[in-house]
1. Quick check: is even one residue across the stretch 14-28 in contact (Cβ under 8 Å) with a residue 24 or more places away in the chain and part of a loop (DSSP other than H, G, I, E, B)?
2. Name the single residue, out of those in the stretch 1-29 being among the basic types (K, R) and surrounded by 10 or more Cβ atoms within 10 Å (Cβ to Cβ), that is nearest to T115 (Cα to Cα).
Amino acid sequence: MAVLKSLTFTTLPQPGANPTLDRRQRVIERLEEQKRLVADPNYKRIIRSSVKKDGVKTAVETQHRVMPWWRMTGNGTFVFFVRASQKPIEFEKGKAGIAVASLEKLSALIETLITAIRNGELDEQLAQAAKSAQVRKTRKAA
């Protein structure tokens, strides 16, 4: 018992995730995919899952097409947008796009957005998008 008295006991932290950090990480992962898509237009996301075949679980890799988060405008420039909860987030009221002069400058813009997300500058917009997705889910269930 003398050994145990030398230890400092404390309560266990509650298990669970931090939803803000989870949202940030999901969007950052998708932005990284957009960077890969800019570099290679044929890039596909690889998703690993397990499938039960003849009573045996086997690991399977499937490729999913990554849709670009940018569109070309009529004058040859591009508009980049960020999706969260399956819809573009608004940076300002009614403005969900970021103007980009050329496709080559998209990678730098994506890096800037990743930095902003890591610094928590878009937490409010991401939370708003998540809130609207939850409302949509409850409506469908009812």
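1. No; the residues of the stretch 14-28 include none that is in contact (Cβ under 8 Å) with a residue 24 or more places away in the chain and part of a loop (DSSP other than H, G, I, E, B).
2. At the first step, the residues of the stretch 1-29 found to be among the basic types (K, R) are 5, 23-24, 26.
Next, only the ones that are surrounded by 10 or more Cβ atoms within 10 Å (Cβ to Cβ) stay: 23-24, 26.
Numbers: R23: 14, R24: 11, R26: 14 Å.
Across the stretch 1-29, the extreme among qualifying residues is R24.
Residue-wise test of (1) among the aliphatic types (A, V, I, L, M); (2) at pLDDT 85 or above; (3) over 19 Å from the mean Cα position of the chain (by Cα).
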{"site": "S6", "(1), (2), (3)": "no, yes, yes"}
{"site": "P13", "(1), (2), (3)": "no, no, yes"}
{"site": "D22", "(1), (2), (3)": "no, yes, no"}
{"site": "E29", "(1), (2), (3)": "no, yes, no"}
{"site": "K35", "(1), (2), (3)": "no, yes, no"}
{"site": "P41", "(1), (2), (3)": "no, yes, yes"}
{"site": "I47", "(1), (2), (3)": "yes, yes, no"}
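The values are calculated or read from the model by the stated rules, or taken from the named source; none is laboratory data. Given the structure is predicted, the values throughout are model-derived calculations rather than measurements. Glycine also receives a Cβ, built like all others from the backbone with ideal geometry; neighbour counts cover every protein chain displayed.
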